[in-house]
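These notes concern the structure reproduced below.
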Amino acid sequence: MGLLNYNELDVWKECRKLVTKVYRITKNFPKDEIYGLTNQIRRSSISIISNVAEGTGRNTTKDALQFFYISRGSLFEAEAQLIIAKDLDYITEKQLKEILLQFTTCKKLLNGFINYHKAKL
């Protein structure tokens, strides 16, 4: 497991793009949300790529999968938080639709990545 270079993985590259988009989109959130929703969305999005990276550094497939599952949970968490941001009019419907496309890409890649590793058990 640990010999894999995580930053060459498609799943990590696409999730990295997502994090960048999250940071850009939350940049214009109200200042009173800096310790609230802004921080929470950013933390959950960073958790996505961090856990993919950490999982690839684990010695066993079972250990790695635990981190990939956490990554997937963070992906769903960040998505839900951005939907709330839209409900609060912090982002537009167009912005939400655009970033949700990136979420879909990341979900597909991460699910494939998880399934690949599950098959190795």
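Number of residues in the stretch 8-52 that are within 18 Å of Q102 (Cα to Cα) and in contact (Cβ under 8 Å) with a residue 24 or more places away in the chain equals 22. For the stretch 56-75, filtered to residues that are farther than 14 Å from L121 by Cβ and part of a helix (DSSP H, G or I), the residue that is modelled with the lowest pLDDT is T56. Restricting attention to the stretch 19-57, which residues are closer than 22 Å to T92 by Cα and aliphatic (A, V, I, L, M)? If the condition is that a residue be closer than 22 Å to T92 by Cα and aliphatic (A, V, I, L, M), then V19, V22, I25, I34, L37, I41 are the ones that fit. Mind checking which residues of the stretch 94-119 are charged (D, E, K, R) and closer than 17 Å to E77 by Cβ? Answer for the stretch 94-119, where residues must be charged (D, E, K, R) and closer than 17 Å to E77 by Cβ: just K107. Among residues of the stretch 76-103 being in a loop (DSSP other than H, G, I, E, B) and without any contact (Cβ under 8 Å) to a residue 24 or more places away in the chain, the one that is farthest from Y35 (Cα to Cα) is T92. The residues on offer are K94, K108, K120, and the sole one that is modelled with pLDDT of 95 or more and more than 14 Å from the chain's Cα centre (by Cα) is K94. Among the residues of the stretch 104-121, the ones that are in contact (Cβ under 8 Å) with a residue 40 or more places away in the chain and over 24 Å from I25 (Cβ atoms) come to 7 in all.
For the stretch 56-80, the set of residues classified as among the small types (G, A, S) and more than 30 Å from K97 (Cβ to Cβ) consists of G57, A64, listed by residue number.
The values are calculated or read from the model by the stated rules, or taken from the named source; none is laboratory data. This one's a predicted model, so the numbers in the text were calculated from it and none came from an experiment. Virtual Cβ from ideal backbone geometry, glycine too; neighbours counted across all protein chains shown.
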